[in-house]
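*Asks:* Here it is, the structure, as structure tokens.
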Amino acid sequence: MSSSIFESGSDPLATLAAQDTAGQRAQIAQYTILRAATYLQSNKNEEALKEFRKALAFDPQNTTAQTYIGKINLALGNTYEAIKAFKTMASADPTSIDAQVNLANAYLQDKQYVESEKSFKAAARLDPQNPLADYTLGHQYANTGRLAEAESQFLKVQKISPNDGNVYYSLGLVANKLGNYEAATENLEKAISLKKTFPAANYELGVAYNGLGRTDDAQKQLSALYTSNYNLATDLKFLLDKPQMIAMGVPTNSGFPVVFGANTPLWMLDPVNMSTPDAGKEFSVSFLFTNEMNFASVTNVQNWSISRANSTEAGYYNNTMPLTTKEAYLPSNPLSVRYNNITREATISFRLNQNATGDAVIDPSHVVFSFKGKDAAGRDMDISANEMDGYSIDPF
């Protein structure tokens with residue numbers, strides 16, 4: 001009575017190899033695949049790859065072995081071998097959606113975007129109701145700057161899978177890249193309502209809220225990420241830690257007296273130099289920032305503006321009274337900016353001129369100084385704290 005080839009002490013491969021029939025060779029291939037699977041479970045990818053290759057040698061038509069040869073090579077970064085394996089599968093079965101998608105992913109990892117696009121489209125044509133190929137192609141477009149095409153892909157997928165949170169996440173991602181934060185917010189809130197645990201959507205929603213100036217809502221997304229994905233939380237925190245103005249100072253000698261109120265005679269700012277008709281003088285104001293600022297950005301006078309207050313936070317220039325012909329001319333930008341990167345203090349200088357009759361007036365406490373540049377890390381100013389005037393205690 002013959003014993004089983006899998007009995008203890010026997011060598012299944014040697015036994016089966018001696019029986020060189022197609023059926024026995026296929027059986028050897030299956031046994032080898034089982035051994036490869038054991039290696040995979042132990043994360044021994046190289047050993048598993050060798051076993052899958054053995055299986056393919058015994059059974060060249062074994063699609064399982066061919067698929068895993070491609071996938072393991074792709075995981076190991078051997079894109080050339082992965083593409084080779086998946087091309088073989090796609091050629092052997094042109095109707096296989098999986099083969100086309102796998103080939104497309106291999107091309108995509110190798111940054112052969114033209115070829116990956118062809119394969120994704122081929123897969124989509126094989127089954128228009130399967131969203132995977134169109135969805136992945138949409139992300140290829142999004143990651144390569146083809147945002148309008150990405151949006152079209154995701155809208156196509158949305159029609160097939162209207163209740164898939166991933167689709168709304170992807171639409172929100174593209175909207176964020178386009179700077180359309182209202183649309184991003186709508187789609188990302190929908191994504192999270194459909195898929196409760198969704199760190200990537202929390203991150204993008206934080207970005208969208210930040211773009212809309214909804215700081216408190218952005219902080220809530222940050223809190224959610226701290227419990228679900230620390231890396232994304234760190235990224236969002238970096239984005240949200242925008243530079244702010246935190247204090248305004250008046251330098252000695254050339255300081256602009258920001259405490260003076262409406263209709264202050266211009267000569268009172270400097271009785272010695274500003275009492276003469278048509279006289280002029282440069283004045284300075286300093287601002288302290290929370291972050292180290294980008295030197296080129298903070299010293300660019302075009303990133304600064306000077307204006308008359310007209311809001312609840314800033315107050316109202318001349319207490320809302322209309323300007324008269326005596327009102328001193330207020331420049332829209334400073335003449336120069338100095339920056340100390342150790343103290344994170346910027347000092348702007350601007351010129352005021354007396355009128356021809358020597359009776360010009362100004363409201364120093366309601367002159368608003370604004371900055372719209374970047375910090376040393378490239379972050380834009382926090383729009384809730386990038387302006388100050390003498391009337392306000394805090395930046396706004």
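*Asks:* Would you confirm whether any residue within segment 129-141 is crowded, with 17+ Cβ neighbours inside 10 Å and among the acidic types (Asp, Glu)?
*Replies:* yes
*Asks:* When segment 58-84 is examined, which residues are found to be modelled with pLDDT under 95 and of a type in the set (Phe, Trp, Tyr)?
*Replies:* Correct list: 58, 68.
*Asks:* Please work out if residue 255 is modelled with pLDDT under 95 and open to solvent by less than 30 Å² (accessible area, probe 1.4 Å).
*Replies:* Considered against the rule, which asks whether it is modelled with pLDDT under 95 and open to solvent by less than 30 Å² (accessible area, probe 1.4 Å), residue 255 comes out as yes.
*Asks:* Still on this model: Tell me, please, whether a residue that is hydroxyl-bearing (Ser, Thr, Tyr), in contact (Cβ under 8 Å) with a residue 24 or more places away in the chain and either open to solvent by 30 Å² or more (accessible area, probe 1.4 Å) or assigned to a helix (DSSP H, G or I) (or both) can be found in segment 35-50.
*Replies:* no
*Asks:* Tell me which residues, restricted to segment 293-332, are open to solvent by less than 30 Å² (accessible area, probe 1.4 Å), within 24 Å of residue 280 (Cα to Cα), of a type in the set (Val, Ile, Thr) and assigned to a helix (DSSP H, G or I).
*Replies:* none
*Asks:* Can you tell me how many residues within segment 51-71 are touching a residue at least 24 places away in the same chain (Cβ under 8 Å), open to solvent by less than 20 Å² (accessible area, probe 1.4 Å) and under 13 Å from residue 103 (Cα atoms)?
*Replies:* 1
*Asks:* If I filter segment 180-204 down to residues being more than 17 Å from the chain's Cα centre (by Cα) and β-branched (Val, Ile, Thr), which single residue comes out as least open to solvent (accessible area, probe 1.4 Å)?
*Replies:* Filtering first and then ranking leaves 192.
*Asks:* Quick test of your reading of the structure: residue 239 fulfils all but one of (1) in contact (Cβ under 8 Å) with a residue 60 or more places away in the chain; (2) open to solvent by 30 Å² or more (accessible area, probe 1.4 Å); (3) in contact with a strand residue (DSSP E or B) (Cβ under 7 Å, 6 or more places away or on another chain); (4) not basic (Lys, Arg). Name the failing condition by number.
*Replies:* Looking at each condition in turn, residue 239 falls short on (3).
*Asks:* Please work out which one of (1) open to solvent by 70 Å² or more (accessible area, probe 1.4 Å); (2) at pLDDT below 95; (3) under 30 Å from residue 364 (Cα atoms) is the condition residue 246 fails and give its number.
*Replies:* (2)
For (1) touching a strand residue (DSSP E or B) at 6+ places or on another chain (Cβ under 9 Å); (2) over 26 Å from residue 311 (Cβ atoms); (3) modelled with pLDDT of 95 or more, each residue gets a yes or a no:
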site	(1), (2), (3)
336	yes, yes, yes
342	no, yes, yes
346	yes, no, yes
351	yes, no, yes
354	yes, yes, yes
365	yes, no, yes
384	no, no, no
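*Asks:* What pairs can you find where one residue is in segment 208-235 and within 11 Å of residue 181 (Cβ to Cβ), the other is among the acidic types (Asp, Glu) and open to solvent by less than 60 Å² (accessible area, probe 1.4 Å), and their Cβ atoms are less than 7 Å apart, with a gap of 6+ or different chains?
*Replies:* 209/217
*Asks:* So, one more: Name the residues in segment 75-88 that are open to solvent by 30 Å² or more (accessible area, probe 1.4 Å) and aliphatic (A, V, I, L, M), would you?
*Replies:* Answer for segment 75-88, where residues must be open to solvent by 30 Å² or more (accessible area, probe 1.4 Å) and aliphatic (A, V, I, L, M): 75, 76.
*Asks:* Return only the number of the condition from (1) over 23 Å from residue 105 (Cβ atoms); (2) out of contact with any helix residue (DSSP H, G or I) (no Cβ under 7 Å at 6 or more places or on another chain); (3) of a type outside the set (Asp, Glu) that residue 155 does not satisfy.
*Replies:* Of everything listed in (1) over 23 Å from residue 105 (Cβ atoms); (2) out of contact with any helix residue (DSSP H, G or I) (no Cβ under 7 Å at 6 or more places or on another chain); (3) of a type outside the set (Asp, Glu), residue 155 misses just condition (1).
*Asks:* Quick check: anything in segment 279-291 open to solvent by 80 Å² or more (accessible area, probe 1.4 Å) and not in a strand (DSSP E or B)? Write out each step before concluding.
*Replies:* Within segment 279-291, the subset open to solvent by 80 Å² or more (accessible area, probe 1.4 Å) is 282.
Checking the rest, the ones that are also not in a strand (DSSP E or B) come to none.
No.
*Asks:* Before we move on, is residue 107 modelled with pLDDT of 90 or more and among the aromatic types (Phe, Trp, Tyr)? Step through it out loud before you land on a result.
*Replies:* Working: modelled with pLDDT of 90 or more: yes; among the aromatic types (Phe, Trp, Tyr): yes.
Yes.
The values are calculated or read from the model by the stated rules, or taken from the named source; none is laboratory data. A quick note: this is a predicted structure, and the numbers were derived from the prediction, not measured. Neighbour counts run over all protein chains shown; Cβ positions are idealised from the backbone, glycine included. Side chains included, ligands, DNA and RNA excluded: accessible areas come from the protein's heavy atoms. Shrake-Rupley method; radii C 1.70, N 1.55, O 1.52, S 1.80 Å.
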